[in-house]
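So the structure is just underneath, and the comments pick up after that.
The values are calculated or read from the model by the stated rules, or taken from the named source; none is laboratory data. This structure is a prediction, so every number in the text was calculated from the model and none was measured. Please note: Cβ atoms are built from the backbone with ideal geometry, for glycine as well, and neighbour counts cover all protein chains shown.
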Amino acid sequence: MQLEQIRQMAEERNQAIGREYYPHGAGLKDSLDLASVLNKYAALNSREVIETVKNALHASTDPTEKRQLAYLLGDCLEGYINTATSETDDAVATAESRSTVTIDGKEMAFRQSAGMLSNERDRVKRLEIHQTRAGVVQAVNKQRLDSLACMRRLIVDDLGYPNYEAFYAELKQVDFSGFSGLMGQFMRDTHELYKNRLNEWTHEEMGVGPDQCYRHDISFIMRAVRFDEYFPEEKLKSTLVNTMANLGIDLRSQQNIILDLEKRPTKSPRAFVVAAQVPEEVYLVVQPRGGRDDYGAILHESGHAEHFGNTSKDLPYEFRWLGDYSVTECFAFTMELLTLDAGWLKQHLHMPDDVIKAYQKYAYTVLFYLIRRYSSKLEYELQLHDPRPLDGKAHLYSEAMEKNLLVTHDADLYLSDVDAGFYSANYLRAWIMWAQLRKHLKKEFGEQWFNSHEAGAYLKTI
């Protein structure tokens, strides 16, 4: 198979994956069958194809072409692994979609209960919901473990890498251990500041100290119920449309970006974007559950959607679809974290100055917590993916999270609270990049860059 054939087939595969995943994640279809899609394109996983791309990469002397081929090689290698684990991964997604839980005598979809958990004001009731949901988490942990064990075998035995970390370090060109060390130093340097703010935060929001809090209690605090009047559900879409319009982007005329904001019981509680075809077919999906979370989610996903939707169709496959995901996450945070800006809050949410001051204190605490959370996840994931046997590692999750976040984390979440390929590092690198980009936008376009058509044009250009 020639390189151009490989590129064409790889792009067709990504399109097919997107069109299979979107209806499932959007709650329009309760099963997920990525296995059939990936098996259809199994030729991309052959040794012949991988060697063809490797040989072209090693022979190239042009830096841009080498980067392009490195992306393509990574795509083929990940496709090889994902095909092998797809049936198990499909089973996990389908089980979560089809599972139900009974709360107060009422049966509801497991995915729907996630929103109920973050909206429940009563701590005791919240714990009951969490414990009810835990049964589903435990039920699929074996399948998650089987999938991870299969990945490790393929990476070492078939592909010849020393371990999971080494494989993804080469694919993503990131020194994960070194980066984790950097973030570990950040957590040590800010530990006392975090401990004092967390103690103040939990007492303000729940009347108890961190030692009495679980992870799901923090999810409730982050829901920010006391600010709900400034985040009305009926203005969710119009706020996004108006924010984009002030950047010179007419969201309503962008036929390539499809907004899916409908509530569905089996819709993924985690907002997402699917680029089924870049840049022609992009789905932005949010399951509204109320308050600031919805606004942050729709703005975050709009950054992804505009990134993919404004990518030049003239670029080769690798540069339209692939690359460092920290970049698209940076665009997502650039939009989401407008919710930290006093000018944006006053303009779009009509917050009074005294409310803005209180909200900013709260919102920066959320960001502080999240940066520590993802730093902790990276620390844990390096242990999860080290060469030691997978059995008996659940306690490492709760230990790492509790050491750095100071609230209780159930060990049962040790597989579900993990994204493949050290994606936690992508988020962390994106927050760093966001801080740099925001500084640049303010310097070039002013403090209220989000009202500048020139800033919008600049973002589309890059």
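Return a yes/no flag: does the stretch 177-192 have any residue that is modelled with pLDDT under 95 and over 21 Å from Gly303 (Cα atoms). Reasoning before the result, please.
Applying the first criterion (modelled with pLDDT under 95) to the stretch 177-192 yields none.
No; the residues of the stretch 177-192 include none that is modelled with pLDDT under 95 and over 21 Å from Gly303 (Cα atoms).
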Answer yes if at least one residue in the stretch 210-227 is crowded, with 17+ Cβ neighbours inside 10 Å and acidic (Asp, Glu), and no otherwise.
-> yes
Go over the candidates Leu370, Leu322 one by one and state the one that is under 20 Å from the mean Cα position of the chain (by Cα) and either assigned by TED's automatic domain parsing to the domain that holds Glu11 or under 20 Å from Trp201 (Cβ atoms) (or both).
-> Leu370
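Results for (1) surrounded by fewer than 19 Cβ atoms within 10 Å (Cβ to Cβ); (2) modelled with pLDDT of 95 or more; (3) farther than 25 Å from Leu337 by Cα, shown as yes or no for each residue.
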{"site": "Lys263", "(1), (2), (3)": "yes, no, no"}
{"site": "Glu281", "(1), (2), (3)": "no, yes, yes"}
{"site": "Val285", "(1), (2), (3)": "no, yes, no"}
{"site": "Gly290", "(1), (2), (3)": "yes, no, no"}
{"site": "Leu315", "(1), (2), (3)": "yes, yes, yes"}
Flagged in the stretch 433-459 as assigned to a helix (DSSP H, G or I), of a type outside the set (Asp, Glu) and surrounded by fewer than 16 Cβ atoms within 10 Å (Cβ to Cβ), in numbering order, are Ala435, Gln436, Lys439, His440, Lys442, Lys443, His453, Ala457
Just name the residue that is nearest to Gly421 (Cα to Cα) out of those in the stretch 130-173 that are surrounded by 15 or more Cβ atoms within 10 Å (Cβ to Cβ) and basic (Lys, Arg).
-> Lys172
The correct count of residues that are closer than 30 Å to Asp122 by Cα and either among the aliphatic types (A, V, I, L, M) or not assigned by TED's automatic domain parsing to the domain that holds Leu406 (or both) in the stretch 164-220 is 5
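So in the stretch 179-193, with the set limited to residues that are surrounded by 17 or more Cβ atoms within 10 Å (Cβ to Cβ) and in contact with a Ser or Thr (Cβ under 9 Å, 6 or more places away or on another chain), which one is farthest from Leu378 (Cα to Cα)?
Taking the stretch 179-193 as the starting set, the residues that turn out to be surrounded by 17 or more Cβ atoms within 10 Å (Cβ to Cβ) are 179-180, 183, 187.
In the following step, the residues that additionally are in contact with a Ser or Thr (Cβ under 9 Å, 6 or more places away or on another chain) were identified as 180, 183, 187.
Numbers: Ser180: 6, Met183: 9, Met187: 12 Å.
Going through the qualifying residues, I end up with Met187.
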Search the stretch 1-41 for residues being without any contact (Cβ under 8 Å) to a residue 60 or more places away in the chain and in a loop (DSSP other than H, G, I, E, B), and hand back the single one that is surrounded by the fewest Cβ atoms within 10 Å (Cβ to Cβ).
-> Gln2
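From the list Asn246, Asn242, which one is assigned by TED's automatic domain parsing to the domain that holds Ala457, on the phi < 0 side of the Ramachandran plot, surrounded by 17 or more Cβ atoms within 10 Å (Cβ to Cβ) and out of contact with any Cys (no Cβ under 8 Å at 6 or more places or on another chain)?
Working: Asn242 fails: surrounded by 17 or more Cβ atoms within 10 Å (Cβ to Cβ).
Selected residue: Asn246, the only one of Asn246, Asn242 that is assigned by TED's automatic domain parsing to the domain that holds Ala457, on the phi < 0 side of the Ramachandran plot, surrounded by 17 or more Cβ atoms within 10 Å (Cβ to Cβ) and out of contact with any Cys (no Cβ under 8 Å at 6 or more places or on another chain).
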